[in-house]
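Shown next, in structure tokens, is the structure this report addresses.
The values are calculated or read from the model by the stated rules, or taken from the named source; none is laboratory data. Just so we're clear, the structure is a prediction, and the values are computed from it rather than from any experiment. Cβ sites come from the backbone with ideal geometry, for glycine too, and all protein chains shown count toward neighbours.
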Amino acid sequence: MWIPRNKKTRTEYAAISDAEKAAYENDPMLRHKYTFRKVADVKAPAAKSVNVTTEPPKVVMQTSTAPAPVESKKVKSDP
């Protein structure tokens, strides 16, 4: 089993077999796009994406202690 890694984005993808690796290396569009890392043989259903997603930090809204803004009053003009 092999883990393909995109050279430009450094993203690792799900494990692929030797036959799939050979197909990547023979394809002129993919030949120079990936590097491969050897991993222990794993069953196909157990192989999942290698990327670990992290949750973005939670945004905490600051509450202001300032008083609410005062609305302006409309002036009535006499015609």
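To keep it simple, each residue is scored yes or no on (1) assigned to a loop (DSSP other than H, G, I, E, B); (2) modelled with pLDDT of 75 or more; (3) on the phi > 0 side of the Ramachandran plot; (4) over 21 Å from the mean Cα position of the chain (by Cα).
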position: R10; (1), (2), (3), (4): yes, yes, yes, no
position: R31; (1), (2), (3), (4): yes, yes, no, yes
position: D41; (1), (2), (3), (4): yes, no, no, yes
position: A47; (1), (2), (3), (4): yes, no, no, no
position: V60; (1), (2), (3), (4): yes, no, no, yes
position: A68; (1), (2), (3), (4): yes, no, no, yes
position: K76; (1), (2), (3), (4): yes, yes, no, yes
position: P79; (1), (2), (3), (4): yes, no, no, yes
Inset, instruction - Tell me which residues, restricted to the range 21-33, are in contact (Cβ under 8 Å) with a residue 12 or more places away in the chain and charged (D, E, K, R). - result: K21, K33
Inset, instruction - Filter the range 12-24 down to the residues that are of a type in the set (D, E) and assigned to a helix (DSSP H, G or I), then identify the one that is nearest to K38 (Cα to Cα). - result: D18
